[in-house]
Amino acid sequence: MEIGRRSFLSFIIGGAAGTAISPLPWKLIDDSSIWSQNWPWTPVPPDGEYSQSNSVCTLCPGGCGITVRKVDDRAVKIEGMKGHPVNDGGICVMGLSGLQLLYGPTRVKTPLKRAGKRGEGKWEKISWDEAISDVTKKLAEIRSKGESHAVGSIVNSDSGTVPNLFKRFLTAYGSPNFMTMPSMQDSYNMTMLLMQGVSAQVGFDAENADFILSFGSGIIDGWGSPVRMFKANSAWKVNGKKVVQIESRLSNTAAKSDKWIPIKPGTEAALALGIANVIIMESLYNRENIESQSGFDAFKELVLNEYSTDNVSSITGINSATIVSLAKNFAQASKPLAICGKGQGSTPGSLNEFMAVHALNALVGNINKEGGVWAVSESDYIKWPELEMDSIAESGMQKERIDGAGSEYPHAKSLLNRLAEVINSGDGSLGALFVSDANPLYSMPDSKALNTAFDSIPFVVSFSSYMDETASNSDLILPNHVYLERYEDVPTPGGLQKNVIGLTKPVVTPQFNTKNVGDSIILIAKALGGSIADAFPWDSYDACLKETLGDKWDVLEENGFWSDSDSKVATGEFNFYPDAMKSLSSFSSVSIEGSTISYPLVLIPYDSIRLANGYIGDPPFVIKTVEDTVLKGKTACVEINPKTGKELGLTEGRYAFIHTPRGKAKVKVHLYEGIMPGIVALPRGLGHTAYDKYLAGKGCNFNELIGPAEDPISGLDAAWGIRARLTKI
Amino acid sequence: MSIQDDKAKEVSADGAAGPIILFFILGLAASLVFGWVIFPKLLYSQKKQPIDFNHVLHVEAVDEGCESCHFFREDGSFSGIPELAQCVDCHEEAQGEDPNEVKFVEEYVANGREVPWLVYARQPDCVFFSHVAHVKEAEMDCGTCHGHIGESEHSRVYEENRITGYSRDIWGKNISGLKKHTWERMKMDDCAECHATKEIKTDVETLPWPINWLPLPYKKQTGNQASVTTVKEACFVCHK
């Protein structure tokens, strides 16, 4: 027998066939995949003891409880905390990605002092002692010149111990310029003050409502406390409750609602009053209870005279029959609830709109009722001893605020939106500015103008944990611990109908040479000495917090939150028609900037749960979830109606420039049936220049394209859009 | 080409067909033997347990079956293989003359050293398995997954996969990956087999704090849930 080439090949083929029907290849595939997972260079967190820590997420004002899984001192996973009154186990994509903000490359690791020009990115590492003494020296110098009022601070909100430490510091130092980042809460608070006569936070018993009339609120786009609203929305769907979304763009919320009513942007207040007109005309309200309330007659007169269905139809572009049926459905529902605050509610909006919507709630009698709107007394746990001001502080505190809040606009507490113009027009100046838990150079409208204003402030101190736009344009950075490394109280989140105080706890030990901003303030105060030091009797921020929370501390430490067993409702006399409503007698929507001739289109922003647009920017995980129709490559997409596209000769995917009176940016065109013709929509939350390479340079910042529009009553920013033009490239 | 040539070719082709088939069969047989018999022997190394443990003897001596030694802690976590401290309760000194017990007492108890048991059922680190959910909640038998280990008089040889480092028990004794009984394999598919078909009993999940002012969706529904593997975030139940 001859063993030739053929025999050999035959042997090989037989061998291959046999191998294929033996377990060898299949088992090896499985084993090698497991083997490759265990390669020593495959990044695996080191083994250790597993544990869990409960805390509170502070990445947005939602106040969700979180449970952090740890291996030794390393946090490995953030989950929603089960049983938490805000989110009960739920978590959003941002909260889930929080670990990237703890361990990611964007952290400021040690105190930094500017070495080059401002914004150049050259920094010198300094010690904490040096950092505190630099600030102290500068502040002492300003104070000795009698210009204490020229020091300001910008923080995220005015509640909680840290913002109050800033406020206390400025008061003891002698400056009224405590400023906060604006949001819809400002408008709601003012509505509460003007219509209900109470200083209270608004709460919505959303879960119990059965007909939700939303004036552009992004219920599932990040409005209010996002996870809570997601859950409420799911429950409405399951239980057959109705959601009507009034919005000029088919947002995710609109798409998931039972009825979407597109409206001419900026005319929401007129629609609310048009609905009120139908309710009054058809006597769909409780006459006995409502008619005795103060201001009702004047309100009725306004609504009947000015807001007939036909009139409202021509203002809003919604046909009369729709308005009538909407009003009937709303008024006849057993627990109707009207809400407003556009998108995520990150801009205050027009006060008229808030008051008109609140009047609708009052008309159907759902104020402080189950399923309705609640006036929640602000948490009152901060009871610090009265501070003693020295003569400099007293004279400083008597000066008017730089932003005109409390003087020009008597009801406003803070009007950061006016700061840029006041400084740039030479009407006021600041000698030093503290920025904490806020990124105004990114998130304030007309951020470029604010940047110019910052240029004229000689000393800007940032307390940011991250190299954000504001931090990178400051002179000194005193980095705060991130939320997973520090103690801090989280006051009742906006929109919750009960007081729930959360406690952020150090889940891991601080990763870098950072310091709790509360401690930084106390150290600066102590170094300044005198009455300023006396105003801060605490050894550390943690001691201050523990003392402030008193008997709530133990519960907070154990459970992560403290909640009131019953509601603390602020009651005052309701007024349907406060003076501020008079401007509604001749309706004109808050006028937006730009002439119709050079700017034939209207640019509006939109929000997405996948895009953070406040202090925190999207971490890498989150930016990866943004769709191609929102951000393509490094260019943001604008949405326009195919009709608009046809008129302008713009097709899907074309590059174009968007021009507004405030700026210009390169965008990509996305044709979308869900937007009204003549309107251009651009996502908020893109176009960062700072943070890390995963976020910076992607898309354009909406805030660079829009300018603020002052609400005539509140002084808050009421801009809902700006006129714009699209040009082909 | 001539007719003669063609004939010659046919003859030679006929003559070669035999060896070709033969070699094919040889190749087939050799690879089958290699794949089914030799390969498993090469793939797994054989390791002996440090002490030959007699389960039968121990089960007879205790009252609560498996849970006497493999118990649940107060917090619901599972103790797994007993630690030395537990064994010492009875074996501070050798109770009999069994050489294994003597070795255990001399080498480990006397020196306070933990026994480096080789764990047949050790899963990769990424797998989170809750014994309490299965044994207490679902009332499953230990044997469903671990087989008749309680009836063994000697410790089996521990076979370690040379490529992955895991025990042969995970893939199963049968190299083909097929099994006759539930306890013969412990890969993800085997978990899924049960979870895809069986309903899991879930009691009402009550919230740990009284927050009765929160209505739906905060109140949990009673009822059976199809399976833990089909609900939202199911992956994270086992893969943390």
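The values are calculated or read from the model by the stated rules, or taken from the named source; none is laboratory data. The shown structure was predicted, so the numbers you read here are calculated from the model rather than taken from an experiment. No Cβ is skipped: glycine too gets one built from the backbone with ideal geometry, and neighbour counts run over all protein chains shown. These accessible areas exclude ligands, DNA and RNA; they are computed on the full protein's heavy atoms, side chains included. Shrake-Rupley method; radii C 1.70, N 1.55, O 1.52, S 1.80 Å.
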**OP:** Look at A:Lys109 and say whether it is among the charged types (D, E, K, R), open to solvent by 40 Å² or more (accessible area, probe 1.4 Å) and touching a residue at least 24 places away in the same chain (Cβ under 8 Å).
**Re:** yes
**OP:** Scan region B:68-77 for residues that are modelled with pLDDT under 90 and either within 20 Å of B:Pro116 (Cβ to Cβ) or open to solvent by 50 Å² or more (accessible area, probe 1.4 Å) (or both) and report the count.
**Re:** 3
Original post:
Just wondering, is there one or more residues in region A:10-21 that are assigned to a strand (DSSP E or B), over 24 Å from the mean Cα position of the chain (by Cα) and of a type in the set (A, V, I, L, M)?
Top reply: no
**OP:** Kindly establish whether A:Pro537 is open to solvent by 40 Å² or more (accessible area, probe 1.4 Å) and either touching a helix residue (DSSP H, G or I) at 6+ places or on another chain (Cβ under 9 Å) or at pLDDT 85 or above (or both).
**Re:** yes
Original post:
Is at least one residue of region A:625-635 open to solvent by less than 10 Å² (accessible area, probe 1.4 Å) and either of a type outside the set (Val, Ile, Thr) or under 17 Å from A:Ser346 (Cβ atoms) (or both)?
Top reply: no
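So that you can scan it fast, the table gives a plain yes or no per residue for (1) acidic (Asp, Glu); (2) at pLDDT 95 or above:
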| position | (1), (2) |
| --- | --- |
| A:Ser598 | no, no |
| A:Ala612 | no, no |
| A:Asp628 | yes, no |
| A:Cys637 | no, yes |
| A:Tyr655 | no, yes |
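Would it be correct to say that A:Met179 is closer than 30 Å to A:Ala150 by Cα, open to solvent by less than 30 Å² (accessible area, probe 1.4 Å), at pLDDT below 95 and away from every other protein chain (no Cβ under 14 Å)?
no
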**OP:** Please state which of the following conditions A:Gly502 fails to meet, knowing it meets all the rest: (1) touching a helix residue (DSSP H, G or I) at 6+ places or on another chain (Cβ under 9 Å); (2) outside any strand (DSSP E or B); (3) touching a residue at least 40 places away in the same chain (Cβ under 8 Å).
**Re:** (2)
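For region A:415-429, which residues satisfy the criterion of being open to solvent by less than 10 Å² (accessible area, probe 1.4 Å) and either part of a loop (DSSP other than H, G, I, E, B) or of a type in the set (Gly, Ala, Ser) (or both)? Show your work before the answer.
Filtering region A:415-429 for residues open to solvent by less than 10 Å² (accessible area, probe 1.4 Å) gives A:415-416, A:419.
Listed by number, the list holds a single entry, A:Leu415.
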Original post:
Here are some residues: B:Glu151, B:Glu114. Which one is away from chain A (no Cβ under 14 Å), in contact with an Asp or Glu (Cβ under 8 Å, 6 or more places away or on another chain) and modelled with pLDDT of 90 or more?
Top reply: B:Glu114
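Among the candidates A:Gly721, A:Gly699, A:Gly685, A:Gly645, which residue alone is open to solvent by less than 10 Å² (accessible area, probe 1.4 Å) and either touching a Gly at 6+ places or on another chain (Cβ under 6 Å) or closer than 18 Å to A:Gly266 by Cβ (or both)? Can you show your working first?
Details: A:Gly699 fails: open to solvent by less than 10 Å² (accessible area, probe 1.4 Å); A:Gly685 fails: either touching a Gly at 6+ places or on another chain (Cβ under 6 Å) or closer than 18 Å to A:Gly266 by Cβ (or both); A:Gly645 fails: either touching a Gly at 6+ places or on another chain (Cβ under 6 Å) or closer than 18 Å to A:Gly266 by Cβ (or both).
Residue meeting the stated conditions: A:Gly721.
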Original post:
Any idea which residue in region A:35-65 is farthest from B:Val33 (Cα to Cα), counting only those that are in contact with a strand residue (DSSP E or B) (Cβ under 8 Å, 6 or more places away or on another chain) and without any contact (Cβ under 8 Å) to a residue 40 or more places away in the chain?
Top reply: A:Gln52
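Looking at this structure, is B:Gly143 of a type in the set (Gly, Ala, Ser), assigned to a helix (DSSP H, G or I) and either surrounded by 13 or more Cβ atoms within 10 Å (Cβ to Cβ) or away from chain A (no Cβ under 14 Å) (or both)? Show your work before the answer.
Working: of a type in the set (Gly, Ala, Ser): yes; assigned to a helix (DSSP H, G or I): yes; either surrounded by 13 or more Cβ atoms within 10 Å (Cβ to Cβ) or away from chain A (no Cβ under 14 Å) (or both): yes.
Yes; evaluated as a whole, the condition is true for this residue.
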**OP:** Please go through region B:154-167 and pick out each residue that is open to solvent by less than 40 Å² (accessible area, probe 1.4 Å), on the phi < 0 side of the Ramachandran plot, of a type outside the set (Val, Ile, Thr) and within 11 Å of chain A (Cβ to nearest Cβ).
**Re:** B:Asn161
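Any residue at all in region A:614-622 that's farther than 24 Å from A:Thr347 by Cα and either modelled with pLDDT under 95 or open to solvent by 20 Å² or more (accessible area, probe 1.4 Å) (or both)? Don't jump to the end; show me each part of the working.
Residues of region A:614-622 farther than 24 Å from A:Thr347 by Cα: A:620-621.
Next cut, either modelled with pLDDT under 95 or open to solvent by 20 Å² or more (accessible area, probe 1.4 Å) (or both) only: A:620-621.
Yes: one or more hits.
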Subject >> 2 or more residues more than 14 Å from chain B (Cβ to nearest Cβ) and surrounded by 22 or more Cβ atoms within 10 Å (Cβ to Cβ): qualifying helices (runs of 4 or more DSSP H) within region A:210-289 >> reply: A:252-256, A:268-281
Original post:
When you go through (1) farther than 30 Å from A:Val44 by Cβ; (2) part of a loop (DSSP other than H, G, I, E, B); (3) of a type in the set (Asp, Glu) one by one for B:Glu114, which number turns out not to apply?
Top reply: (1)
Original post:
If you check every pair at least six apart or on different chains, which have Cβ atoms under 7 Å apart with a residue in region A:1-30 that is facing chain B (nearest Cβ under 7 Å) first and a residue that is open to solvent by less than 40 Å² (accessible area, probe 1.4 Å) and of a type in the set (A, V, I, L, M, F, W, C) second?
Top reply: A:Arg6/B:Ala16; A:Ser7/B:Phe23; A:Ser10/B:Phe23; A:Phe11/B:Phe23; A:Gly14/B:Phe23; A:Pro23/B:Ile175; A:Leu24/B:Phe39; A:Lys27/B:Ile175
Original post:
Is it true that some residue in region A:201-208 is of a type outside the set (Lys, Arg), touching a helix residue (DSSP H, G or I) at 6+ places or on another chain (Cβ under 6 Å) and assigned to a helix (DSSP H, G or I)?
Top reply: yes
Original post:
Any idea how many residues of region B:23-47 are within 8 Å of another protein chain (Cβ to nearest Cβ) and free of Cβ contacts under 8 Å to residues at least 12 places away in the same chain?
Top reply: 12
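Condition check ((1) closer than 25 Å to A:Met181 by Cα; (2) small (Gly, Ala, Ser)) across all residues:
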position: A:Ser531; (1), (2): no, yes
position: A:Asp534; (1), (2): no, no
position: A:Gly550; (1), (2): no, yes
position: A:Tyr577; (1), (2): no, no
position: A:Ser583; (1), (2): no, yes
position: A:Ser591; (1), (2): yes, yes
position: A:Thr596; (1), (2): no, no
position: A:Ile604; (1), (2): yes, no
position: A:Ala612; (1), (2): yes, yes
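How about region A:106-183: which strands (runs of 3 or more DSSP E) wholly inside it have at least 2 residues that are within 22 Å of A:Asn417 (Cα to Cα) and in the same structural domain as A:Thr470 (by TED's automatic domain parsing)? Spell out the reasoning first.
Values: elements: A:112-114, A:123-125, A:151-155, A:178-180.
Counting at least 2 such residues, we get A:151-155, A:178-180.
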Subject >> Residue check, A:Lys82 in contact with a strand residue (DSSP E or B) (Cβ under 8 Å, 6 or more places away or on another chain), within 10 Å of another protein chain (Cβ to nearest Cβ) and farther than 30 Å from A:Ser464 by Cβ >> reply: yes
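Quick one: how many residues across region A:367-418 are touching a His at 6+ places or on another chain (Cβ under 9 Å) and closer than 20 Å to A:Phe536 by Cα? Talk me through it step by step, then tell me what you get.
Within region A:367-418, the subset touching a His at 6+ places or on another chain (Cβ under 9 Å) is A:367, A:373, A:395-402, A:405.
Within this subset, residues satisfying the condition of being closer than 20 Å to A:Phe536 by Cα are A:396-397.
Qualifying residue count, region A:367-418: 2.
Would you kindly identify the helices (runs of 4 or more DSSP H) lying entirely within region A:290-399 that contain at least 1 residues that are surrounded by fewer than 16 Cβ atoms within 10 Å (Cβ to Cβ)?
On the way: elements: A:296-306, A:309-316, A:320-332, A:351-363, A:391-398.
Correct list: A:296-306, A:309-316, A:320-332, A:391-398.
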**OP:** Could you please let me know if A:Lys256 is in the same structural domain as A:Pro348 (by TED's automatic domain parsing) and either free of Cβ contacts under 8 Å to residues at least 40 places away in the same chain or of a type in the set (S, T, N, Q) (or both)?
**Re:** yes
